[in-house]
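This report refers to the structure that appears directly beneath it.
The numbers here are math on the coordinates, done by the rules we state, and not lab data. Everything numeric in this text was worked out from a predicted model, so none of it was measured. Cβ atoms come from the backbone with ideal geometry, glycine included; neighbour counts cover every protein chain shown.
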Amino acid sequence: MDTAVKPQGCTNIKLRQLMRRVAQHYDAEVGKSGLKGTQYSLLSYVVKLGPIRPGDLAREMRISSSTLTRNLRPLIDAGYIEQGPGADARSRLVSVTAAGRDKRQEAQRRWRVAQEGLNQMLGPRRVVELHALLDECMDLLSPLPDGDTDD
């Protein structure tokens, strides 16, 4: 470790503040589609990976099973996602409906506007550097124990 550099402040607080501000930016734009940013993300994962078992989806998204269940409910109620039977009587699969595909497409257009706006505010080089730094930090941090994922 470079002893000449001494970080000041709380990294956790700084990251949470940045995350809240970035989430507000995306939610303001994606919200025009009627979805929250988290709902758009979940719908996108199901489009990409589905049909998929809920436990596998939670692992892919790096969230807890309880958070996934809570976030799935409004999308199921809206008719964008459905849960059907799985390979055996105890399992089930999450899949996207036709209405869900249409809603995701609409939200994806809003997401692109949000992403371009962020790129413009921060500058493309800074965004690329931020992505690289975040990826590097994720690789350096040890993974959380099984079942103990971020919400």
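Can you return the lysines within cross-link range of K14? Criterion is Cα-Cα under 16 Å, with same-chain partners fewer than 8 residues away left out.
List returned: K6.
In whole Hz, with x marking every Gly and Pro, tabulate ³J(HN,Hα) for the range 53-61 from phi via Karplus 6.51 cos²θ - 1.76 cosθ + 1.60, θ = phi - 60°.
Per-residue couplings from phi come out as 5, x, x, 5, 5, 4, 5, 4, 7 Hz.
If you stretched the chain out fully between T11 and R73, how much longer would it get, using 0.36 nm times the residue separation minus the C-alpha to C-alpha distance?
Extending this stretch completely gives an extra 19.0 nm.
Under 28 Å from the Cα of K103, which lysines turn up, not counting those fewer than eight places away in the same chain?
Excluding near neighbours in sequence, the set is K32, K36, K48.
Could you check the simple spin-label distance between A132 and A23, using points 7 Å along Cα→Cβ, in nm with one decimal?
Distance between the two pseudo-spin positions: 2.8 nm.
Describe numerically, in nm with one decimal, the distance between label points set 7 Å from Cα along Cα→Cβ at D139 and at R92.
Going by the 7 Å Cα→Cβ label model, 3.9 nm.
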